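Novice: My questions all concern the structure below.
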Amino acid sequence: MEDRSSIEARSRGAPGGAAESRLAAAAGLVVAQIVVFVVGMRTPLGIAEWIVYLAPVAASMLLASPRLPLALASTSTVLIALGYFLSPPGALPAGIARMNRTIGVVVIWVVAAMVWRAVLLKLDVQRDRWLKAGQARLAESIRGLRDPATLAERVAGEVASRLGAQTAALFVTRDGERYELVGGYALPSERRRQRPAFAAGTGLVGQAARDRRWCASTTCPRAT
């Protein structure tokens, strides 16, 4: 099963190359944190090098991943704590240096929370735009159609295109219990002739229909 975030990411139509670029950029932010840590081990205690950790956390907003700023804040916290024990002593007392780093950790988490919230809002806006664009395109494609089979094929085709699916099937029900195939996209001709049906609550699809919720699976059983 896929979680909601993976479905939304795929629904936004991000190509594989773009996903790999974002992954590489996220790895670059982690590397930047490690570089700051290595430099910090050579810096005497009391110098607020934790400020540099804010840069990767803030930059994670550009990658549109709500988990990334929280992950970077976690690694920053660990590295700042390790740096306290591994850095050479400075002119300031250890208590002040410890307080300095504590303040730094708090600030980093505040920034991470702000970035996390901003990314969620950005994704909500993108999802709403994607849905409205799909609705407008679907309405335009079925305008004037009256034949149920043609209408079902056009709807299934648009949905498959928007989701990047290889095939799609559209079922309708008259009593809320039995769902019958009325059309689809790229369906085998023998399946169309068989006009398959399913009952509400039977199997994964039937349960989703009864619960009136969507679900996604990357592994489907072979049709018999």
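Just so it is clear, none of the values below were taken in a lab; they were calculated from the coordinates. Note that this is a predicted model, so its numbers are computed, not measured. Note: ideal-geometry Cβ built from the backbone for every residue, glycine included; neighbour counts use all protein chains shown.
Novice: In debye, nearest 20: dipole of the range 172-224 around its Cα centre with unit charges on the Cβ of K, R (+) and D, E (-)?
Specialist: So the dipole magnitude of the range 172-224 works out to roughly 100 debye.
Novice: Placing unit charges on C-beta atoms (Lys and Arg positive, Asp and Glu negative, everything else neutral), compute the dipole magnitude of the chain about its Cα centre in debye, rounded to 20.
Specialist: Dipole size: approximately 360 debye.
Novice: Continuing with the same structure: Given R₀ = 41 Å, FRET efficiency for Asp124-Ser217 by Cβ-Cβ distance, to 0.05?
Specialist: On the way: r = 25 Å, r/R0 = 0.61.
Working from the Cβ atoms, E equals 0.95.
Novice: Right, something else. Considering only Leu54, Leu187, Leu138, give the residue with the highest GNM mean-square fluctuation for the chain, with springs between Cα atoms whenever their separation is below 10 Å.
Specialist: Of the options given, Leu187 has the highest mean-square fluctuation.
Novice: Whose amide H sits under 5 Å from the amide H of Ala169, counting only residues 5 or more places off or on another chain, with H placed in the peptide plane?
Specialist: Tyr185
Novice: With charges only on Cβ, +1 for K and R and -1 for D and E, what is the dipole size of the range 115-198 about its Cα centre, in debye, rounded to 20? Each step should come with its number before you reach the end.
Specialist: Values: 16 positive and 10 negative charges, 45 e Å.
The dipole magnitude comes to about 220 debye.
Novice: A further question follows. Given a Förster distance of 45 Å, report the FRET efficiency between Ala136 and Ala81 from their Cβ-Cβ distance, rounded to the nearest 0.05.
Specialist: Step by step, r from the Cβ atoms, then E = 0.30.
Novice: To continue, here is another question. Using label points projected 7 Å from each Cα along Cα→Cβ, tell me how many nm separate Leu63 and Thr150, to one decimal.
Specialist: That separation, rounded to one decimal, is 5.0 nm.
Novice: Going out from 0 in 5 Å bins, what whole percent of all Cα-Cα distances in the range 147-211 drops into each bin?
Specialist: Cα pair-distance distribution for the range 147-211, in percent: 4, 18, 24, 25, 23, 7, 0.
Novice: Angle, helix 67-86 long axis vs. longest principal axis of the chain, Cα atoms, 0 to 90°, nearest 10?
Specialist: Once rounded, the angle reads 20 degrees.
Novice: Taking the Cα centre of the range 4-133 as the origin and placing charges on Cβ (Lys, Arg +1; Asp, Glu -1), which of Leu70, Gly90, Ala133 is farthest toward the positive end of the dipole?
Specialist: Toward the positive end, the furthest listed residue is Ala133.
Novice: Tell me, in nm to one decimal, what length is gained between Ala19 and Met41 on full extension, where the rule is 0.36 nm per residue of separation less the Cα-Cα distance?
Specialist: Residue separation times 0.36 nm, minus the Cα-Cα distance, leaves 4.6 nm.
Novice: Let me ask another. Expressed in nm², what is the orientationally averaged projection area of the convex hull enclosing the Cα positions of the range 67-121?
Specialist: The number I arrive at for the range 67-121 is 3.7 nm².
Novice: What's the longest uninterrupted piece of the chain once you rule out the GluC sites (Glu not before Pro) that are loop residues per DSSP with at most 15 other Cβ within 10 Å?
Specialist: Numbers: sites that count: Glu2, Glu177.
Free of exposed loop sites, the longest segment is 3-176.
Novice: Each residue of the range 87-100 in order: what ³J(HN,Hα) in whole Hz does its phi give by Karplus 6.51 cos²θ - 1.76 cosθ + 1.60, θ = phi - 60°, with x for Gly and Pro?
Specialist: 6, x, x, x, 6, 7, x, 4, x, 5, 4, 5, 5, 4
Novice: Starting from the Cα of Val205, step 7 Å toward the Cβ, then list every residue of the range 164-180 with an amide N under 17 Å from that point.
Specialist: Label zone hits: 165-180.
Novice: If you take every residue apart from Pro56 with its C-beta less than 15 Å away from the C-beta of Pro56, what net charge results, scoring Lys and Arg +1 and Asp and Glu -1?
Specialist: It works out to a net charge of +1.
Novice: Per residue of the chain, what 222 nm ellipticity follows from adding -39500 (n - 2.57) for every DSSP H run with n ≥ 4, rounded to the nearest 500? Intermediate values should be presented prior to the final figure.
Specialist: Details: 8 runs with 143 residues, N = 224.
Helix contribution divided over all residues of the chain: -21500 deg cm²/dmol.
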